[in-house]
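**Student:** Here you go, one structure.
Rule-based calculations on the coordinates, nothing more; no lab input. Note that the coordinates shown come from a computational prediction; the quantities given were computed from them, not determined experimentally. Note that we place each Cβ from the backbone using ideal geometry, even for glycine, and neighbour counts take in every protein chain shown.
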Amino acid sequence: MASEPARPRTSLPGLEPPRPLPLKERSSIIFVERAQLDVLDGAFVALDVNGVRTHIPVGAFACVMLEPGTRVSHAAVALAARAGTLLVWVGEAGVRLYASGQPGGARSDRLLYQARLALDDDARLKVVRAMYARRFGEAAPERRSVDQLRGIEGVRVRETYALLARRHGVDWRRRNYNPQDWDASDLPNKCLSAATSCLHGLAEAAVLAAGYAPAIGFLHTGKPLSFVYDIADLFKFETVVPVAFEIAAKAAKGRLDGPVESQVRRACRDAFRRTDLLSRIIPSIEEVLSEGGLVPPESPEEAMPPAFSDGEPSGDAGHRG
């Protein structure tokens, strides 16, 4: 006897999820490993190997980093998308990115605006100069190309690493790590890799929430996360890099309990909260892009509305709803 075809599901199981919170009102990141993520009563639930269930307020986080040993159900991915929370599949210690799930950006008007800026040589140079000024607190040298500014920036970054290493008493040689082999890195590089992965996850969530494309960069180019690296670099020396050297110094002196990457993550979350990063990151994206001098295009009249619309949206501009 033929079975009756299953009726299509019109909504997620459980309670209706709340409207997305603006990024500035969320906590930064949470890491999940060796657990199965599912939805129970409309909430994100992590079930570990011992059968312990942990509820995760997925709509209250900007980014969930999924480490090895994690399995995610279809319902959980759908809930994260509706809540505007970025899921990022990462490798050991969170330092190798395999894939990410878009939380709902992709505004065509903003993508076109970003692409116009990147393709216009004068506008791109203005954006890069604005990023340089924000990073180093001074105007970029005059009459320099993007490639020349990239080289100048690289020198200043190396000098800053060396300065922070001396300040914290860390044995520092150079920035060198292999994402394929975590254990091959020395202690300071492990700390830096773990710290920057936290910031990159948060920056990608902000870029997508604002409706822009991670791959269309200005200083960084040719990589899937070029624009994410551009935006993360605006904040890394006031947030995660000092944290990395501080934790490396404590670890070298035997003053840490537990894995060093876990200590780095907790310290990074504290730094994000202390610097109020989540309330600053999207306005900073808009401000550096505005320095390009091009007028953002108007959204066309025939543009589709947000996929989930029930009045004035409470999320960031790029969220679907």
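**Student:** Only counting other Cβ atoms within 10 Å, I'd like Phe237, Phe61, Phe31 sorted with the fewest neighbours first.
**Tutor:** Ordered by Cβ neighbours within 10 Å, fewest first: Phe237, Phe31, Phe61.
**Student:** Can you tell me how the range 98-250 classifies by the Cα gyration tensor, rounded, prolate or oblate, using a/c under 1.5 as the rounded cut? Before the final figure, lay out the partial values.
**Tutor:** Working: a/c = 2.28, a/b = 1.39, b/c = 1.65.
Oblate, since a/c reaches 1.5 and b/c is not below a/b.
**Student:** If each residue's Cβ is checked for other Cβ atoms within 10 Å, how do Lys236, Lys253, Lys223 rank with the fewest at the top?
**Tutor:** Numbers: Lys236 23, Lys253 9, Lys223 12.
Starting with the residue having the fewest Cβ neighbours, the order is Lys253, Lys223, Lys236.
**Student:** Return the subset of Lys24/Lys126; Lys190/Lys253; Lys126/Lys223 for which the Cα-Cα distance in this structure is over 19 Å, preserving the input order.
**Tutor:** Values: Lys24/Lys126 27 Å; Lys190/Lys253 16 Å; Lys126/Lys223 21 Å.
The answer is Lys24/Lys126; Lys126/Lys223.
**Student:** Kindly rank 116-123, 284-291 from highest to lowest mean number of other beta carbons found within 10 Å of each residue. Write out the running numbers ahead of the final one.
**Tutor:** Numbers: 116-123: 15.5, 284-291: 18.2.
Those peptides, ordered most packed to least, come out 284-291, 116-123.
**Student:** Quick one: the Cα spread of the range 109-166 along its three principal axes, in angstroms, biggest first?
**Tutor:** 46, 25, 17
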